[in-house]
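Input: a single structure, listed below in structure tokens.
The values are calculated or read from the model by the stated rules, or taken from the named source; none is laboratory data. As the structure is a prediction and not an experimental result, all values here were calculated from the model. Positions of Cβ are generated from backbone atoms using ideal geometry, with glycine treated the same way; all protein chains shown enter the neighbour counts.
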Amino acid sequence: MGISRQLSSKRSPLLRYGLLVIGLILWYSLVWVPLSGKIEKLDSRLETLETKIGRLKRDIKRHRGVDQRVTQSEQRLATAVKGLMPGDTPQLVASNLQDILLKMASEADFQVITYKTGRISKWRGYQLAVATFSAKTNIRKLVKFLKLLDDDRRVFRIQSISAVKVKGRNPHLRVNLEVEALFMKAV
């Protein structure tokens, strides 16, 4: 009976401690356990999202400036296309190359003897238009002509050059040139 009297008393420490323990057990089982489970799920989801954010940041760094690089590439392509000899066919390109070479030869005061377009050749799978010509000149005029070729911004190359010194009453150099220009279909 002593215990029931002690428990029935409102100020009994045993009742207060018992209620406190029961309250702690109820709080732990009804509040803390569900909340800690949700916190663990949210922590694992947060870690997953942080990993995903890290990958996305790396992707952003890798793709940063792609638009700028594409624009620069397009500008370089446009510049390169401007440097190509005009023409829709390799024969037309060869004819235009021949015209340009004849114009440069007249600027360098070359005396052109023969000129013609040559057979189409290949370079790395692309077609090359060929123009050949022979000229009568001297060394100074040949150097001037080669300088004009070098200064030109168009895309062509000298495939072969041969010079023979002709002696006699009228000494001169006999120069044979074969020049190639890249042909690419319109992009």
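Looking at Ala80, is it out of contact with any Asp or Glu (no Cβ under 9 Å at 6 or more places or on another chain), under 30 Å from Leu173 (Cα atoms) and in contact (Cβ under 8 Å) with a residue 24 or more places away in the chain?
In short, no.
Is it the case that region 61-68 has a residue that's of a type outside the set (Lys, Arg), in contact (Cβ under 8 Å) with a residue 12 or more places away in the chain and in a helix (DSSP H, G or I)?
Among the residues of region 61-68, not one is of a type outside the set (Lys, Arg), in contact (Cβ under 8 Å) with a residue 12 or more places away in the chain and in a helix (DSSP H, G or I), which makes the answer no.
Have a look at Arg174, Arg153 and point out the one that is assigned by TED's automatic domain parsing to the domain that holds Val93 and loosely packed, with under 12 Cβ neighbours inside 10 Å.
Arg153
Of everything in region 116-126 that's at pLDDT below 85 and closer than 20 Å to Asp99 by Cβ, which residue is nearest to the chain's Cα centre (by Cα)?
It comes out as Ser121.
Has region 27-35 got any residue that is at pLDDT 85 or above and either among the charged types (D, E, K, R) or within 30 Å of Leu182 (Cβ to Cβ) (or both)?
Looking through region 27-35, none of the residues is at pLDDT 85 or above and either among the charged types (D, E, K, R) or within 30 Å of Leu182 (Cβ to Cβ) (or both).
Checking Asn138 against (1) touching a helix residue (DSSP H, G or I) at 6+ places or on another chain (Cβ under 7 Å); (2) among the polar types (S, T, N, Q); (3) more than 15 Å from Phe183 (Cα to Cα), which single condition isn't satisfied?
(1)
Going through region 93-124 one residue at a time, which ones are in a loop (DSSP other than H, G, I, E, B), surrounded by 18 or more Cβ atoms within 10 Å (Cβ to Cβ) and among the aliphatic types (A, V, I, L, M)?
Scanning region 93-124 gives a single hit, Ala108.
If you scan region 172-186, which residues turn out to be under 11 Å from Ile120 (Cβ atoms) and among the acidic types (Asp, Glu)?
Glu180
Would you be able to tell me the number of residues in region 57-86 that are over 12 Å from the mean Cα position of the chain (by Cα) and under 16 Å from Arg153 (Cα atoms)?
9
Here is a yes/no grid of residues against (1) part of a loop (DSSP other than H, G, I, E, B); (2) more than 13 Å from Val93 (Cβ to Cβ); (3) at pLDDT below 90:
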{"site": "Asp150", "(1), (2), (3)": "no, yes, yes"}
{"site": "Arg154", "(1), (2), (3)": "yes, no, yes"}
{"site": "Leu173", "(1), (2), (3)": "no, yes, yes"}
{"site": "Val179", "(1), (2), (3)": "no, no, yes"}
{"site": "Leu182", "(1), (2), (3)": "no, no, yes"}
{"site": "Ala186", "(1), (2), (3)": "yes, no, yes"}
